[in-house]
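To start, the structure itself, in structure tokens.
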Amino acid sequence: MRKLQKLGTGVWTAVALFGLTGAAMSGETLDRVMEKKNMVVATNASWPPQSFLDDSGQLAGFDIDVSGEIAKRLGVEISYETPDWAIMTGGHWKGRYDIGVASVTPTKARSNVIDFVSIYYYSPYVYVVHADSDIKTVEQLNGGKIGVETATTSEDFINRRLEIDAPGMPPIEYKVEPGEVRTYASSMLPFDDLRLGAGVRLDAVIAPVQTAENAVKNGYKVRIIENEYAFREPLVVIADKGDDEWVAKVSGVLEEMKSDGTLSALTEKWYGKDYSDK
């Protein structure tokens, strides 16, 4: 079993109460990072504006700025790896990555294989349709073709199996019974299908509001169904299972970033709104 231990206002960390085969030993990650003076961060290379490759081929975005600030406050350099989402959230990293900063939702299934370091911002998930679609309400999506990124909370949600593992979150409300769920390897691929036209390949996409708004900003002919959230989720920095000392160290850094307004400023910079608190 595991429990959530509060380390500060709005900050929670997973404290392992049992060992897992292949789990990190307490202090192992911190020792490695401080000895090498480098922190390896697992993230996503195709999820704007959270993390993406800019015009110069460099990683940029909200999660890149957050991870860079963590490294700066630890006094170490940073390097990035961009594994498949399922690999990153599947744990058993065996030292390949030190932390994951990729807007991960804490779910009960994930809590078995990774530790949730801290909540660092919140995100509503929204329903997105083609701009020319006649669909105005969520109820009109029943029986439709819904696109989601694979191995994500949007996929769990549309399949009615989402269990967010964080205190104080409201119960999940399911309003859509899809006719077909289509899954995609990255966050923008369903938007690429959706913008081909209403009902051509998809009737709707379920995605974070930040991703949807960024698609609109970048000329995708799509729109968000107004006044309807699929669900609202906390996002956490993650670590491999079992290294409590490392989890506590990074959690303390994130608490400082929250207290001094850094996280608020970074969400404003990338999303145009403060998503750092509920």
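The values are calculated or read from the model by the stated rules, or taken from the named source; none is laboratory data. This structure is a prediction, so every number in the text was calculated from the model and none was measured. With ideal geometry, Cβ positions are generated from the backbone for all residues, glycine too; neighbour counts draw on all protein chains shown. For accessibility, only protein heavy atoms count, side chains too; no ligands or nucleic acids. Shrake-Rupley method; radii C 1.70, N 1.55, O 1.52, S 1.80 Å.
Key figures for this structure:
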| read-out | value |
| --- | --- |
| Among the residues listed as TYR220, TYR229, the single one being of a type in the set (Phe, Trp, Tyr), farther than 21 Å from ASN159 by Cβ and open to solvent by 10 Å² or more (accessible area, probe 1.4 Å) | TYR220 |
| Subset of the range 141-151 [at negative phi and either surrounded by fewer than 17 Cβ atoms within 10 Å (Cβ to Cβ) or assigned to a loop (DSSP other than H, G, I, E, B) (or both)] | ASN142, GLY144, THR150 |
| Only listed residue being open to solvent by less than 60 Å² (accessible area, probe 1.4 Å), under 17 Å from the mean Cα position of the chain (by Cα) and modelled with pLDDT of 95 or more, chosen from ALA204, ALA212 | ALA212 |
| The range 140-180, residues that are under 22 Å from LYS108 (Cα atoms) and small (Gly, Ala, Ser) | ALA151, SER154, ALA166, GLY168 |
| First in the range 152-181 and open to solvent by 70 Å² or more (accessible area, probe 1.4 Å) and outside any loop (DSSP other than H, G, I, E, B), second anywhere and modelled with pLDDT of 95 or more and not basic (Lys, Arg), Cβ under 8 Å, 6 or more apart | GLU180/GLY144; GLU180/ILE146 |
| Single residue of LYS273, LYS278, LYS258 found to be open to solvent by 10 Å² or more (accessible area, probe 1.4 Å), more than 30 Å from GLY143 (Cα to Cα) and part of a helix (DSSP H, G or I) | LYS258 |
| Single residue of TYR80, TYR122 found to be touching a residue at least 12 places away in the same chain (Cβ under 8 Å) and within 20 Å of LYS249 (Cβ to Cβ) | TYR80 |
